1. Using the alpha-carbon atoms, what tilt in degrees (0 to 90, nearest 10) does helix 124-140 show relative to the longest principal axis of the chain?
2. Say we join alpha carbon atoms closer than 10 Å with springs in a Gaussian network model of the chain; which of 71, 285, 119 then has the biggest fluctuation?
3. Can you give the Rg to Rh ratio for region 55-145, taking only C-alpha atoms and Rh from Kirkwood?
4. Largest first and in whole Å, give the semi-axes of region 17-63's equivalent ellipsoid, each being the square root of 5 times a Cα gyration tensor eigenvalue.
5. Taking the convex hull of the alpha carbon atoms in region 9-417, what volume per residue do you get, in Å³?
6. Provide the packing ranking of 193-199, 91-97, i.e. peptides ordered by the mean count of other C-beta atoms within 10 Å per residue, highest first.
7. State the Cα centre-to-centre distance between region 95-109 and region 183-208 in whole Å.
8. Counting alpha carbon pairs within less than 8 Å and at least 6 residues apart, what relative contact order, in whole percent, applies to the chain?
C-alpha cells in the first residue's frame, strides 16, 4: 500500500462493524434463530456468547500488539511458527473464504430476500449475477469507494438494529428472567456457544494492518519487509516493523465494533422471552419490526439483513486480497480483479442448482475456516514465549480458544450429518 493514504480509525471501525456478523444479520436473523430453544434465557445466552468470544479476540489482539505486518492471521502464525505453518494456515483460510465469496449470494437471493419480498423470485437469476458484479465493482473501484460503502453499511446496520432493539424493548420490555438460567442447561449452552461462533468474522479487519496510518511511523521499508525478516524481528522480542502504532487503531476499532454489535444483539434478542414463537419465524427481527413498527419497517429490516450479509462478503473480499498480496508479493490491483473474476465467473454456475451447490460448499468452507483458526490459536504459546509472556496464561487462552475452534468444527460436521 505504499503511496496510498492510510486508513483512519473511522474507516477501520466501519470495516470492523461490517465484518462482525454483520450486526443486523446477527440481531435480526441468526442470533434469534439460534436462541429459539432457550428463549426463556435468551438474554443470558447472548451475554454468555459475548464472554466466550472474548477469548479469541484476546489472542488476536495479543498477536497484533507485537506483530505489525501485512497478512492478518497469516502474519501472526508466521511470527509464531514460521512460514511453512503460516502458508498452511493461509491455504485453509483462503479455501474457506474463497468458497464463501462464491456461494453466499445464493443465501441472499434464494433464502433471505424471498421472505422479505415474495415477488423477488421473478428476479432471482438476475440478482444471482448482479450481486457478485456489484461487489466486485466496488472493490475494483478502489479502496476509498470500498471504505465508503462499508462505512455506510456499518452506520445503516447499527441504526436499524438499534431501532429494532428500541422498538422491541418499548413494546415488550425485557423480563428479568431472560438473564437467568431458566432454560434447560443444554439448550442454554448450545445457544451461547453457537451464537459465539457467529462472531468469527471479527478477525477480518486484522488483514488491513498494512493499510493503516501507522505505516508512517514504521516506514515503507519496514512495511515491505520479507517474511523471514519479519519473523527474525519477532523472535528478537521486537515488534515486527518497529513502532506498532497501528495497534491502537486495531484495538479501538475492533473493540468498539464488537461492543456495539453485542449491545444491539442483546437488545433485540433478550425480549424474545416475552414473545414466544417469534424466534421461529423466517426472519425474527423482521417479524418483530412488522408487528410493532408496521410493514414498511419490517421490510426495511429484511432488506437490511440481506445488505448485512452482502457487507460481510465485501469485507471478506477485502481481506482475501490483502492476504494474497502478502503471501505472493503480487500487485494488489490484479489480485482484486482476479478475485472478482472468480466471483462473477462462478455466479452462472450457481444457477444450475443453487440449493445443492450451496449445501455442497458450505461444509468444506466452514471446516477450513475452523481449522485455520485452530492453527492460529494452537501456536500462540510459542509466540507468547518468544515475547517473554507468562506461559500459564498463554496456555490457558490457547486451550480455551482451541476448544472453541474445535467446537465450531464439530458443529459444522454435526449439522452436515443431520
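Read-outs: derived from the displayed coordinates by stated rules, not from any lab. Remember, predicted model here, so these are calculated numbers, not experimental data. For neighbour counting, all protein chains shown are included, and Cβ atoms are generated from backbone atoms with ideal geometry for every residue, glycine included.
1. Taking the Cα atoms of the chain, the angle to 124-140 is about 30 degrees.
2. Highest fluctuation of the listed residues: 119.
3. 1.15
4. One finds semi-axes of 23, 15, 6 Å for region 17-63.
5. Spelled out: Cα convex hull of region 9-417, divided by residues, is 126 Å³.
6. Highest mean packing first, the order is 193-199, 91-97.
7. Each part's Cα centre sits 20 Å from the other's.
8. Averaging sequence separation for qualifying contacts and normalising by length gives 37 percent for the chain.
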